[in-house]
Amino acid sequence: MKSVLRLIAGLFAIVVLVVVALAAYLAFLFDANDYRDQLVSTVKAQTGRDLTLNGPIKLSLFPWLGFSIGAAELGNAPGFSDRPFASLASAEARVKLLPLVGGNVEIDRVTINGLQLSLERRKDGQTNWADFGQGKEAPAPESTSSSGDEDRGATGALSVGGIDVTDAAVRWTDAMAGTDYLLNQVDFSTGSIEPAEPFDFKGGFDFSVSQPAANGRLGFSGQATLDTEQQKYTLRQMRFELNAEGAGLPGGKIEAGALADVVADLNAGTLSVGNMNVKLYDLLISGGLNVEGLRDSPNYSGRIEIDGFNPRALMASMGLDAPATANAERLKRARLSANVSGTAQSMKLSNLAGSLDDSEISGSLDVANFSRQALSFDLSINQLDVDSYLPPSTAAPETAPKPGEGAGAGGAAKPLDLRGPAVKGRLRVGALKVSGLNMSQVDTGVALSNGKLTLTPKAALYGGRLDADVGVLAQGKTEQLSLNGGVSGVAIGGLLRDLTAKPERLTGTGNVSMNLAGRGLGGAALRSTLDGSVRLVLKDGAVKGVNVAQFLREAQARLQGSNADTAQGAQQTDFSDMSATVSLGGGVARNSDLSLRSPLLRVSGEGQANLVKETIDYLVKASVVGTLTGQGGKSLDDVRGVTVPVRVGGTFAAPTYRLDVEALLKEAAGARLEEQKAKVKEQVDQKVEEVREKAKDQIKDELKKGLEGLFK
C-alpha cells in the first residue's frame with residue numbers, strides 16, 4: 001500500500017514539475033503580443049470592426065491561468081458616430097489552473113478599468129450592435145456523448161474571487177426619440193462569489209440625461225445569492241440612493257431612497273419583492289409585491305401603503321403651486337393603503353382605505369385595460385365639502401350685470417373631449433356640500449363611453465329627495481347637456497338660500513321636475529340653447545320681496561282718488577299652494593299658467609325672462625276673494641272682484657315691481673261699467689216687473705167686470 005502511495009506521490013510530483021517547467025518556458029519564451037495582428041484580423045473578420053490594441057497583453061500560467069490587457073478599443077459600426085463602440089484602459093482576469101483538472105472553475109478577482117460603451121440608435125431604428133453575430137459562425141463541436149445528462153455533469157462549480165469595475169461609462173444616443181443619456185463614473189465591486197452562497201456588492205454611477213434635463217448620482221448596495229443550478233437568485237437589503245437635479249425634475253431637485261428584498265425563482269416563474277420601503281420627496285411608501293407566471297403570462301399581487309403626508313408640502317417640494325382653496329386648511333393631510341393586483345395590461349386596487357383632510361375614503365378601483373383606458377370603481381366617502389376645495393371667491397363687490405351681459409358671458413372655452421376612456425362606477429357620499437347645497441345619503445352612478453358621460457345622482461336634501469339623470473356628450477365639439485328628473489318634498493327656501501348665497505325669494509315645500517337639453521357647459525351659450533320645461537308645485541310658502549296685498553291697497557287708494565298708505569307688513573306674499581310651468585327655448589323662459597292661492601288672494605301670471613340678458617318682463621294678476629281683510633289688516637272691499645295687475649321687470653339681480661295703473665283703471669272702469677249695466681238692467685227689470693204686475697191687475701179688473709156683466 002505504501003509503495004502505491006509513493007508511486008502516486010511521485011507521479012504527482014512529476015506532473016507538478018512538468019507544469020512548472022512549462023509555465024517557466026512559456027513565461028520566458030512565449031509572448032502573447034506576437035499574436036496581436038492575428039487577434040485584430042480575427043475580430044475584423046467576425047465583426048467587420050477595427051480592434052485597436054494600444055497596451056501590452058500579458059499571460060500567466062501558474063498557479064493562475066490568466067491574462068491582462070492594456071488600453072484597447074473596438075470601432076463603431078458603419079453609419080454611426082466616430083466614437084468607438086467600446087474601449088477600456090485595462091482589464092485582468094485569472095483562473096486557477098489545477099482545479100480545472102477536476103472540472104471546477106475558480107476565477108480570481110476580475111478587474112476592469114476605464115470601460116467605455118457607446119450605444120446608438122439611428123432615426124431609422126437601426127442600432128450599432130445589431131450586426132454582432134452576423135459574421136461567420138464557428139462550427140458547433142461534435143457531441144461525444146449521447147446523454148445530455150452527461151454533458152451537464154461535465155460542468156463543475158464556478159467561483160469568482162470578486163469583480164471590480166472602475167471608472168466606466170455608458171452613453172445611449174437615441175436619434176429616434178431625440179434623447180441622449182450618459183452614465184459615467186460607473187463603479188461596481190463584489191465580494192467572493194460562490195455558488196448558492198451570499199456575497200456583498202455595491203456600486204453607483206453618475207448620470208446625465210437630456211429629457212427630462214437632469215444629472216445626478218445613483219448608488220446601490222446589498223447582498224446577493226446566485227444559485228444557478230436551481231435558477232434562484234436573491235437580493236437582500238437591496239438599497240438605492242438617488243440624488244439628482246436639473247430643470248427637467250419637479251422642483252429642480254430630487255432625493256430618494258429605497259430598500260427591499262428581492263427573490264427570483266426562474267424555475268417556478270416567480271418574483272417577490274418584500275420589506276419594500278421607498279422615500280420620495282415627502283412620501284413614505286411601504287409594502288410588497290409577488291409576481292407569478294414570469295415565463296408566459298406575468299401577474300402580480302401585493303399591498304402598498306403611503307403614510308400620512310402633506311399634499312401642499314409635497315407639491316411645494318416638487319416645484320408645483322398648490323391650488324388656492326376657499327378653505328386654506330385644505331390639502332394638508334392625506335394617506336392611502338390598498339391591496340394591488342393585476343397583469344401587464346391591468347391593475348386593481350382593492351380594500352382601498354385613505355383620507356384627504358376630513359374625508360375618509362374606501363372602496364375599490366379597477367383598470368381593466370391600460371391601452372383601452374377601461375376603468376371601473378366603487379368608492380365611498382364619509383363626508384366631502386367640494387366648495388372648500390374650490391378657488392376662493394373674489395373680494396370685489398358684486399355689481400348687477402348690464403343688459404345684454406349674462407353671467408359667464410366670457411370667451412368660449414375649448415370644447416371638452418371625453419372620447420377614449422371607458423368608465424363605469426359608483427360613488428357614495430355620506431354628507432356632501434357642493435355649490436352651497438347640503439346633501440346626504442348621496443348615491444351616484446357614473447358611466448362614460450364614447451364621449452358620453454351619464455350621472456344618476458340620488459340623495460336626501462332639505463327634507464326631500466333628489467332623483468335625476470344628467471347626460472353630457474363631449475366629443476371635441478360643443479358639448480350637449482341633458483337633465484331629467486328633479487326634487488320632491490323639498491324645502492325650497494333653504495335650497496335657494498344655500499344655492500345662491502342670498503336671501504331666498506321663494507319658500508314652501510314641494511316638487512320641481514325638469515326635462516331640459518342644451519349645448520355647452522355654462523355661460524350664455526348654455527342659457528341661449530336650453531330647451532325643455534320645468535314644472536314647479538309648492539305648498540304653504542311665500543313669494544318674498546313683493547307684497548301683493550300692498551299693491552291691492554294701492555289699487556284701492558287709486559280707485560278712491562286718495563294716496564296709498566305706506567307699505568305695511570312683511571314684504572312677501574303668502575300662499576297655500578302655488579304651481580307654474582316654465583317652457584325654455586331660444587334663450588327665453590316663458591310662463592303662462594302661474595297659479596297662486598291663499599285664503600285672501602288668487603294670483604295668476606304670464607310673461608317671460610331673457611336668460612341671456614337676464615331681464616324680466618312679467619305680469620302678475622291678483623284679485624281678492626274670501627275674507628275682506630288683507631295682509632296688514634286693512635279692508636280691501638273696494639277692490640274685491642277687481643283684478644289688480646302688477647308689472648315685474650328689471651334684472652335677475654335686481655327685479656322691480658310696480659302697479660300697472662293703466663291696466664288697473666281699465667279693469668276698474670270695465671268693472672264699474674258692468675256694475676252700472678247690472679244696476680240699469682236691474683232697474684229696467686224691476687220697472688218691467690212693476691208694469692207687468694200692474695197690467696196683470698188691470699186685466700184682472702177688466703176680466704172681473706166682464707164676467708160680472710155676463711152673469712147679469
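For the pair Ala268 and Phe199 in one chain, pulling the backbone fully straight at 0.36 nm per residue adds 22.5 nm over the alpha carbon distance.
Once both labels are positioned 7 Å from their Cα atoms along Cα-to-Cβ, the gap between Ser41 and Thr454 label points is 8.0 nm. Among Lys414, Lys123, Lys621, the ranking by other beta carbons within 10 Å of each residue's beta carbon, starting with the fewest, stands as Lys414, Lys123, Lys621.
Compared with the rule-of-thumb size 2.2 N^0.38 Å for a compact globular protein, the range 429-515 has a Cα radius of gyration ratio of 1.20.
Please order Thr507, Thr456 by the number of other Cβ within 10 Å, starting at the fewest.
Fewest-to-most ranking of Thr507, Thr456: Thr456, Thr507.
Working from label points 7 Å from Cα in the Cα-to-Cβ sense, the Thr166 to Ser583 distance is 9.3 nm. One decimal place: the segment Gln475-Ser208 gains 92.0 nm when fully extended, by the rule 0.36 nm per residue minus the C-alpha distance. Between Gln608 and Asn369, the distance separating the two model label sites (each 7 Å from Cα on the Cα→Cβ line) works out to 5.0 nm. Legend: calculated FRET efficiency, Arg590 to Leu499, from the Cβ-Cβ distance at R0 = 25 Å, rounded to 0.05, equals 0.65. For the peptides 253-259, 415-421, the ranking by packing is 253-259, 415-421, with the highest mean count of neighbouring Cβ atoms within 10 Å listed first. Database remark: amide H of Arg333 closer than 5 angstrom to the amide H of Asp357 (H placed geometrically; neighbours at sequence offset of 5 or more, or on other chains; Pro and chain starts carry no H).
With R₀ set to 22 Å, the beta-carbon distance separating Met176 from Ala247 gives a calculated FRET efficiency near 0.45. Amide H contacts for Gly55 (H built 1.01 Å from N in the peptide plane; partners 5 or more residues away or on another chain; cut-off under 5 Å): Gly70, Ala71. Amide hydrogen proximity for Leu530: with H placed 1.01 Å from N in the peptide plane, the residues at 5 or more positions away or on another chain lying under 5 Å are Arg519, Gly587.
Put in line by how crowded their Cβ is, counting other Cβ atoms within 10 Å and starting with the fewest, Met318, Met238 read Met318, Met238.
Taken one residue at a time, the phi angles of the range 652-658 give Karplus couplings (6.51, -1.76, 1.60, θ = phi - 60°) of 4, 6, 9, x, 10, 10, 8 Hz. Gly and Pro are set to x. Residues in the range 496-510 carry Karplus couplings, in order, of 5, 5, 6, 6, 9, 6, 9, x, 5, 9, 9, 10, x, 10, x Hz; the curve used is 6.51 cos²θ - 1.76 cosθ + 1.60 with θ = phi - 60°, and Gly or Pro positions show x.
Rule-based calculations on the coordinates, nothing more; no lab input. Note that the structure is predicted; figures quoted are calculated from it, not measured. Note that each Cβ is placed from the backbone with ideal geometry, even for glycine, and that neighbours are counted across all protein chains shown.
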